[in-house]
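This report concerns only the one structure given below.
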Amino acid sequence: MSVISHVIEKVKHIDPEQKEFHQAVIEVLETLEPTVERHPEFVTAGIYERIVEPERVIMFRVPWVTDKGEVSVNRGFRVQFNNALGPFKGGLRFHPSVNLGIIKFLGFEQIFKNSLTTLPMGGGKGGSDFDPKGKSDGEVMRFCQSFMRELYRHIGPETDVPAGDIGVGGREIGYLFGYYKKIRNEHTGVLTGKGLEYGGSLIRPEATGYGTVYFAQEMLATRGQDFKDKIVAVSGSGNVAQYAIEKVNELGGRVITICDSSATIIDEKGIDNDKCCYIMELKNIRRGRIQEYSEKYKTECYLDKNVWDVIRENGIKIDIALPCATQNEIDGQNAKALIANGCFCVAEGANMPSTPEAVDVYQENNILYGPGKAANAGGVATSGLEMSQNSLKLSWTREEVDHRLLLIMKSIHKSCLDASEAYGKKGDYVTGANIAGFIKVARAMLAYGAV
Ligand code: NDP
């Protein structure tokens, strides 16, 4: 049995219920097979066994008081996965589906993603099964304060620097940072995604969405294509989706879909920047449901369906897909339907939004496919830039940060292509991203000895 199969079997055996984590480990390790032969020193040093085991897992009780005065309890998590390249770094997710397996899958992906950015950041992830939907600002604040009351002792600018993810945006980061500052009596860069007034970076809110589109643009250029006049499907309507739409519009594409967890909208005329501003106001300020978009703009609305089901069931033609909602949103049959309807490029704004069957379909049909750990790395890369600005105590302009983001996405794209070619899988971005991300972390782990 190869070391890779052995590690995969062990991961499944010791934590049988962590399905999403198994999926992420299998996806990465299977593509690392060529590194085993070329780097026997990694095998001897147990790098493959060690990289799937988090450095530390923190789980804690988060009690908080509702507006009615009742005590509610959630579970908090922080998985500090690997700090070979720098302090642990990765977002916090607040969503009822959160459990240890999901946080471990996200933390594991984050190791390779952060390595690809070339910035000195390790991988981590955290969150809670708390659902901010339908909660008042006061309730969200009290929850965030209780969450930080435990988390503060495990994080720090040189130790672990959390950021946002699903359900954690500017409002939540403000409450979390405010409480950290209060109890530590320190104003440091311990979180990223902060407001501009208190240490945030320009372009950080835009970075994941913009970066995903920049990555797609690089992939398209390899086939002499670009976004101009292309029909684009975007899923989600949160942070990543909003800025992906804005950047596609700037590059001349037409986005015709969005969704939230209750409905999908099809707007054949295109979601222009005015409509995108409306979505931002609806989702970020009023915290409403996406159905309201269809009432305002008189478009089609499909309740309880995701974007990819609607495209398949209605035979909607699209050129480019940017899944920006959540994991496993595109399955094998939806992937087949996308390609049958003309899609030739998928760039993942979300983490692991395609099931393994969907990825097989993309690869069998030789479409351009940018996996999340490469395509959506612009968010954490710009968080890295926020950390640099915090430690230098200065702020760069919007243009400067955006330019650095573009260069980082170009460089990630090139690293993926170079690694895929060097390891005999030319043009395979999945293998390229995994190997390029892995090699750097593995070399650092090798240098440290068995720690
Ligand atoms: P947000 O919370 O801002 O938005 C998430 C969006 O996805 C919402 O519109 C939400 O709908 C929708 N959604 C969530 N679950 C489902 C579901 N099961 N079916 C349909 N729609 C769903 O999160 P982000 O935009 O920050 O994150 C989106 C994805 O991008 C995640 O996979 C995240 O891990 C990834 N990512 C985010 C980064 C960042 O910088 N924010 C960085 C890199 C990756 P609703 O409003 O109903 O909740």
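The values are calculated or read from the model by the stated rules, or taken from the named source; none is laboratory data. What you see is a predicted model; the values in this text were computed from it and never measured. Backbone-built Cβ (ideal geometry, glycine too); neighbour counts: all protein chains shown. Surface accessibility is based on the protein's heavy atoms, side chains included, excluding ligands, DNA and RNA. Shrake-Rupley method; radii C 1.70, N 1.55, O 1.52, S 1.80 Å.
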Between Gln291 and Glu37, what FRET efficiency follows from the Cβ-Cβ distance if R0 is 35 Å, with the result rounded to 0.05?
0.05
Out of Cys324, Tyr448, Gly252, whose Cα points farthest toward the positive end of the dipole of the chain (charges: +1 Lys, Arg; -1 Asp, Glu; placed on Cβ)?
Tyr448
Go through Glu186, Glu364 and list them by solvent-accessible area, largest first, probe radius 1.4 Å.
Glu364, Glu186
For a quick check: with amide H placed at 1.01 Å from N, whose amide H comes under 5 Å from Val234's, ignoring anything fewer than 5 positions away on the same chain?
Ile256, Thr257, Leu322
I want the antiparallel fraction of DSSP beta bridges within the chain, as a percent rounded to 5.
55 percent
Using a cut-off of 13 Å between alpha-carbon atoms, which aspartates and glutamates can reach Lys10, once sequence neighbours fewer than 8 places away in the same chain are excluded?
Glu49, Glu53
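Antiparallel DSSP bridges in segment 208-366: what percent, to the nearest 5?
Working: 7 of 16 bridges.
So the antiparallel bridges amount to about 45 percent of the total.
Under a 1.4 Å probe, what is the accessible area of the chain per residue, stated in Å²?
I get 40 Å² per residue for this part.
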Phi-derived 3J(HN,Hα) across segment 155-168 with the Karplus relation (6.51, -1.76, 1.60, θ = phi - 60°), rounded Hz, x for Gly and Pro, is 10, x, x, 9, 10, 7, 10, x, 8, x, 6, 4, x, 10
What are the ³J(HN,Hα) couplings of segment 258-269, residue after residue, when phi is run through the Karplus curve with 6.51, -1.76, 1.60 and θ = phi - 60°? Round to Hz, x for glycine and proline.
8, 8, 10, 6, 10, 6, 10, 10, 10, 10, 4, 6
Taking only protein heavy atoms and a 1.4 Å probe, the highest-to-lowest accessible-area order of His13, His39, His6 is His13, His6, His39
Those trypsin sites (Lys or Arg not before Pro) from segment 26-128 that are DSSP loop and have at most 13 other Cβ neighbours within 10 Å turn out to be Lys68
In the chain, which helices (entire DSSP H runs) extend 27 Å or more along their own long axis, judged by Cα positions, while averaging at least 0.5 on the Kyte-Doolittle scale?
429-448
Evaluate E = 1/(1 + (r/R0)^6) for Thr118 and Lys10, where r is the Cβ-Cβ distance and R0 equals 51 Å; express this FRET efficiency to the nearest 0.05.
0.95
Please find the FRET efficiency linking Lys228 to Lys393, where r is the Cβ-Cβ separation and R0 is fixed at 45 Å, and quote it to the nearest 0.05.
0.60
What is the extension gain from Lys317 to Leu196, computed as 0.36 nm multiplied by their sequence separation minus the C-alpha to C-alpha distance, in nm to one decimal?
39.6 nm
Specify whether the C-alpha gyration tensor of the chain places it in the rounded, prolate or oblate class, a ≥ b ≥ c being the square roots of the eigenvalues: rounded for a/c under 1.5, otherwise prolate if a/b is larger than b/c and oblate if not.
rounded
List the trypsin sites (Lys or Arg not before Pro) within segment 235-273 that DSSP assigns to loop and that have no more than 11 neighbouring Cβ atoms inside 10 Å.
Lys269
Could you tell me which chymotrypsin sites (Phe, Trp or Tyr not before Pro) in segment 49-128 are loop residues by DSSP with no more than 14 other beta carbons within 10 angstrom of their beta carbon?
none
Cross-link partners of Lys68 among lysines (Cα-Cα below 24 Å; sequence separation of 8 or more within a chain)
Lys133, Lys135
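What pairs from Lys12/Lys104; Lys113/Lys247; Lys113/Lys410 go past 18 Å between their alpha carbons?
Checking Cα-Cα distances, Lys113/Lys247 exceed 18 Å.
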In nm, to one decimal, how far is the Lys336 label point from the Ser411 one, both placed 7 Å along Cα→Cβ?
4.2 nm
Do any of Lys194/Lys296; Lys305/Lys426; Lys269/Lys336; Lys269/Lys305 go past 30 Å between their Cα atoms, and which?
Lys194/Lys296; Lys305/Lys426
According to the square roots a ≥ b ≥ c of the eigenvalues of the Cα gyration tensor, what is the shape class of segment 3-187, taking rounded for a/c under 1.5, prolate for a/b larger than b/c otherwise, and oblate for the remainder?
prolate
